[in-house]
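What follows is a set of notes on a single structure, which appears directly below.
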Amino acid sequence: METDLFIAGKWVPASSGARFDVLDPATGDTIASVADGGEAEAIAAVEAAAAAGPGWASTPPRVRSEVLRKAFELMTDRASELAKLISLENGKALVDAKGEVTYAAEFFRWFAEEAVRGDGAIATAPSGANRILVVRQPVGVCVLVTPWNFPAAMATRKIGPALAAGCTVILKPASDTPLTALAMAAILAEAGVPEGVVNVVPSRSSGRVVSAMLRDARVRKLSFTGSTEVGRILLAQAAENVVNTSMELGGNAPFVVFADADLDAAVDGAMIAKMRNGGEACTAANRFFVEAPVADEFAQRLAQRMSALVVGPGTDEKTQVGPLVNEDTVAKVDELVRGALDGGAEAVTGGSRPDGPGFYYPPTVLTGVPADAPILRQEIFGPVAPIVTFTGEAEAVRLANDTEYGLVAYVYTGDLARGLRVSEAIEAGMVGINRGLVSDPAAPFGGVKQSGIGREGGHDGLLEYLESKYIAVDW
Ligand code: NAP
């Protein structure tokens, strides 16, 4: 496959000649070397995107739509090879990688459909003096920065709406997983995306490369998915040129189980909310709050299911939980678990890092986790479920909201009125009631508080790439 940068429709090396290695998380071995984009390539990509902008913005929406539809079909045809690539560079189990390809391709299909649903508004001014005409126009050149945990889906969730809206883009993928992004560039080119409309610049100097683009006044939009820490830095940089921003940041999802819940359903939902992607998801259930009468039983049943999972290389068909993406991630999970155990928690299953090669951590369930444990404050980003017991609705809501994050929450109860009441009281952009999975290309995905600004997916996702222009008309 291509391993150079993709700029202005061509595969080009870095001008410095620099390359960087991509590792297999199952072994730590090098699997590929990729061109290492620098500031010069970042600016060349902005140049290409700016040059392609007017042509793409004036391309009929139906044509833009058909290009995206074609990209959806190509991704679907190549789902199994793309899944292997994702699994190889990210480590996730093939079953998760296949799920990601389906989810990722769906953003192209959804936004192919949205591309032709452009809207606007016309009204009479209250004074009666004129008409208020509102038209929507593409924001312009967009810088898209994506994380490693969903290397295909986080890219298509941004490229789909940007292209549908008539914007041109530069994608800066995570340096742990650049291969999937390059494969996406090849698919988009084959689908008929004109040169310069999509550019992909992998880099090991992400800070410098993204800053250089944000300093370029031709860039009008930054859409970032990643940690809150980096999001804050980029928001400050975007302020310099007053760049439009969408921020999909970290999460610390509460998973609340009331005593009246269907416990089988709650354990099934917990397995999805916790273990999808091996726990490396911003939507991963991070804190389990279980009402006292059912807490022991829930912990035992969850531990039984977690301990039965097959851990191994992601590319092995039998594997259900692959290695984590890199050494830093597995070391952080290990430290958080140790902190909880030192504070008095008990590991019902798992709880210690195995010896041997690869970045593995076993599925783990902790009970008796102290309220001040860092594991309840920080994103775990691994296969660990800390359980805390509560009594009553008010305490559940207080515990759920006791975090700086507000991406998603899960609530299990047999009482729908309670489910809705608690959903409204929880500070989160999304809530799953009796459901462990909320992500859907047709729904607005995003967070409140320090989990972000803006929404991706649904109709809202398209609006993030459009400006409303008001024209006062007297006729
Ligand atoms: P990260 O460290 O914030 O990195 C995200 C992206 O930003 C990568 O492409 C990274 O490049 C780049 N980057 C890092 N430092 C930068 C800087 N100073 N300036 C510009 N770009 C910079 O996050 P991650 O570890 O890849 O991903 C995990 C995080 O993403 C978690 O917090 C998770 O919750 C969040 N996430 C959120 C959502 C959501 O929708 N809310 C979805 C998925 C993931 P390098 O790879 O080169 O460092």
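The values are calculated or read from the model by the stated rules, or taken from the named source; none is laboratory data. Here the structure is a predicted model, which means the values were calculated and not measured. Cβ coordinates were reconstructed from backbone atoms using ideal geometry, including for glycine residues, and neighbour counts include every protein chain displayed. Side chains are part of the model used for accessible areas, which takes the heavy atoms of the whole protein and leaves out ligands, DNA and RNA. Shrake-Rupley method; radii C 1.70, N 1.55, O 1.52, S 1.80 Å.
All of Glu297, Glu248 fail the test of being away from the ligand (no atom under 16 Å from the Cβ) and not small (Gly, Ala, Ser), apart from Glu297.
The rows are residues; the columns are (1) surrounded by 15 or more Cβ atoms within 10 Å (Cβ to Cβ); (2) in contact with a Pro (Cβ under 9 Å, 6 or more places away or on another chain); (3) farther than 16 Å from Thr225 by Cα; (4) of a type in the set (A, V, I, L, M, F, W, C).
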{"position": "Lys98", "(1), (2), (3), (4)": "yes, no, yes, no"}
{"position": "Val101", "(1), (2), (3), (4)": "yes, no, yes, yes"}
{"position": "Glu106", "(1), (2), (3), (4)": "yes, yes, yes, no"}
{"position": "Ala115", "(1), (2), (3), (4)": "yes, yes, yes, yes"}
{"position": "Thr124", "(1), (2), (3), (4)": "no, no, yes, no"}
{"position": "Asn130", "(1), (2), (3), (4)": "no, no, yes, no"}
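Do the conditions hold for Pro374, that is, is it within 21 Å of Glu89 (Cα to Cα), out of contact with any strand residue (DSSP E or B) (no Cβ under 9 Å at 6 or more places or on another chain) and open to solvent by 40 Å² or more (accessible area, probe 1.4 Å)? So that I can check it myself, show each step before the final result.
Working: within 21 Å of Glu89 (Cα to Cα): no; out of contact with any strand residue (DSSP E or B) (no Cβ under 9 Å at 6 or more places or on another chain): yes; open to solvent by 40 Å² or more (accessible area, probe 1.4 Å): yes.
No.
What's the total number of residues in region 4-49 that are part of a helix (DSSP H, G or I) and open to solvent by 30 Å² or more (accessible area, probe 1.4 Å)?
So the count comes out to 5.
In this structure, is Glu297 farther than 25 Å from Leu88 by Cα and surrounded by fewer than 20 Cβ atoms within 10 Å (Cβ to Cβ)? Lay out the reasoning, then the answer.
Working: farther than 25 Å from Leu88 by Cα: yes; surrounded by fewer than 20 Cβ atoms within 10 Å (Cβ to Cβ): yes.
For Glu297, the condition - farther than 25 Å from Leu88 by Cα and surrounded by fewer than 20 Cβ atoms within 10 Å (Cβ to Cβ) - is met.
When the helices (runs of 4 or more DSSP H) confined to region 204-286 are screened for residues that are closer than 24 Å to Pro173 by Cβ, those reaching at least 3 such residues are found at 206-215, 228-240.
Among residues of region 55-91 being outside any helix (DSSP H, G or I) and not β-branched (Val, Ile, Thr), the one that is most open to solvent (accessible area, probe 1.4 Å) is Ser58.
Conditions (1) under 11 Å from Arg287 (Cβ atoms); (2) of a type outside the set (A, V, I, L, M); (3) open to solvent by 20 Å² or more (accessible area, probe 1.4 Å), marked per residue:
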{"position": "Glu346", "(1), (2), (3)": "no, yes, yes"}
{"position": "Pro357", "(1), (2), (3)": "no, yes, yes"}
{"position": "Ile380", "(1), (2), (3)": "yes, no, no"}
{"position": "Arg398", "(1), (2), (3)": "no, yes, yes"}
{"position": "Val411", "(1), (2), (3)": "no, no, no"}
{"position": "Val422", "(1), (2), (3)": "no, no, no"}
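Going by the conditions given, is Ala253 hydrophobic (A, V, I, L, M, F, W, C), within 15 Å of the ligand (Cβ to nearest atom) and without any contact (Cβ under 8 Å) to a residue 12 or more places away in the chain?
Working: hydrophobic (A, V, I, L, M, F, W, C): yes; within 15 Å of the ligand (Cβ to nearest atom): yes; without any contact (Cβ under 8 Å) to a residue 12 or more places away in the chain: no.
In short, no.
For first residues located in region 184-210 and on the phi > 0 side of the Ramachandran plot, partners that are open to solvent by less than 10 Å² (accessible area, probe 1.4 Å) and lie 6+ apart or on another chain with Cβ distances below 9 Å form the pairs Gly192/Ala71; Gly196/Ala45; Gly196/Ala49; Gly196/Trp56; Gly196/Thr168.
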